[in-house]
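The values are calculated or read from the model by the stated rules, or taken from the named source; none is laboratory data. Bear in mind that the values here come from a model prediction, so they are computed numbers and not experimental data. For neighbour counting, all protein chains shown are included, and Cβ atoms are generated from backbone atoms with ideal geometry for every residue, glycine included.
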Amino acid sequence: MVQITTRPATVAEWDDVQAALTGGGDGRSCQCVWPVLTNAEWNGTSVDERRELLRDELEAGPPPGLVAYVDGEAAGWIRIGPRTAQRRTLRSRVVKNGSVEPLDDDGVWAVTCFSVRREHRRQGLNAALLDAAVAYARASGARVVEGYPIATDVTKPSTNSLFVGALSTFLAAGFREIARPTGTRVVVALDLTA
């Protein structure tokens, strides 16, 4: 049995964040700044610039995500934070057409990205990352945590498409389905005040 631990991502974990993001999939090129940039900003940045944007975000704090470790080795990443700080997320049709929460509410946090190194997939890292993200959001004063996963009950997505998570992972963590604004995307929420 592998031992999975998690830790908020600060600049001290920079090498671990990079290891988690560059083990397969789009994490290396995205650097998990997709949710915070507008489309014009995204299109105007290089991979190196995105990497620096993420580093700047880690340096400024608070941690915008967590790193998962398998037996002490960096293996995965999750982005979690106030939805208001994730500008692309706020502009998303999935969020606008599916969320019941006010878009300007800082108490609503969003899980917008998972990245797990290829060699550590199918070991329960997304579930561990999500559990840790919920605990982090609760400790940070969040009222609600939302996610925007793929409806894996109606489609079999590619591995890269699962960067938003699988519906089953969120439901197993106690989230409830709020809406299906598209055929394959779901808005889920977990009320942390209950």
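Could you tell me whether Pro149 is in contact with a Gly (Cβ under 8 Å, 6 or more places away or on another chain), of a type outside the set (A, V, I, L, M, F, W, C) and surrounded by 21 or more Cβ atoms within 10 Å (Cβ to Cβ)? Spelling it out, Pro149 is indeed in contact with a Gly (Cβ under 8 Å, 6 or more places away or on another chain), of a type outside the set (A, V, I, L, M, F, W, C) and surrounded by 21 or more Cβ atoms within 10 Å (Cβ to Cβ). Scanning the range 99-120 for residues that are part of a loop (DSSP other than H, G, I, E, B) and within 16 Å of the chain's Cα centre (by Cα) yields a single hit, Arg117.
Name the one entry in Arg88, Arg83 that is at pLDDT below 95, farther than 30 Å from Val2 by Cβ and surrounded by 15 or more Cβ atoms within 10 Å (Cβ to Cβ).
After applying the criteria, what remains is Arg88.
When Arg117, Arg138 are checked against the criterion of being touching a Gly at 6+ places or on another chain (Cβ under 8 Å), within 21 Å of Ile4 (Cβ to Cβ) and not β-branched (Val, Ile, Thr), a single residue qualifies: Arg117.
The residues in the range 121-169 that are under 20 Å from Gly107 (Cα atoms) and among the charged types (D, E, K, R) can be counted, and the count is 4.
If you take the residues of the range 167-183 that are surrounded by fewer than 16 Cβ atoms within 10 Å (Cβ to Cβ) and of a type in the set (Ser, Thr, Tyr), which of them is nearest to Gly147 (Cα to Cα)? Across the range 167-183, the extreme among qualifying residues is Ser168. In this structure, Thr45 does satisfy being over 20 Å from Ala139 (Cβ atoms), of a type in the set (S, T, N, Q), surrounded by 12 or more Cβ atoms within 10 Å (Cβ to Cβ) and without any contact (Cβ under 8 Å) to a residue 40 or more places away in the chain.
Within the range 13-38, residues that are of a type in the set (Asp, Glu) reach partners that are surrounded by 18 or more Cβ atoms within 10 Å (Cβ to Cβ) and modelled with pLDDT of 90 or more with beta carbons closer than 6 Å, at six or more positions or on different chains, in the pairs Glu13/Val67; Asp16/Val67; Asp16/Ala74. Count of the range 147-169 residues, restricted to those that are assigned to a helix (DSSP H, G or I), closer than 20 Å to His120 by Cβ and in contact (Cβ under 8 Å) with a residue 12 or more places away in the chain, is 6.
Table: residues versus (1) buried (at least 17 other Cβ atoms within 10 Å of the Cβ); (2) without any contact (Cβ under 8 Å) to a residue 24 or more places away in the chain; (3) among the hydrophobic types (A, V, I, L, M, F, W, C).
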residue: Arg79; (1), (2), (3): yes, no, no
residue: Asp105; (1), (2), (3): no, no, no
residue: Thr112; (1), (2), (3): yes, no, no
residue: Val145; (1), (2), (3): yes, no, yes
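Would you check if Asp153 is closer than 17 Å to Arg143 by Cα and either within 15 Å of the chain's Cα centre (by Cα) or of a type in the set (D, E, K, R) (or both)? No, not satisfied. The residues on offer are Ala142, Ala194, Ala189, and the sole one that is at pLDDT 95 or above, assigned to a loop (DSSP other than H, G, I, E, B) and out of contact with any Cys (no Cβ under 9 Å at 6 or more places or on another chain) is Ala142. A single entry from Ala68, Ala19, Ala12 fulfils the requirement of being surrounded by fewer than 14 Cβ atoms within 10 Å (Cβ to Cβ) and either of a type in the set (A, V, I, L, M, F, W, C) or in a loop (DSSP other than H, G, I, E, B) (or both): Ala12.
Residue check: Ser29 meets all listed conditions (1) touching a helix residue (DSSP H, G or I) at 6+ places or on another chain (Cβ under 6 Å); (2) surrounded by 15 or more Cβ atoms within 10 Å (Cβ to Cβ) but one, namely (2).
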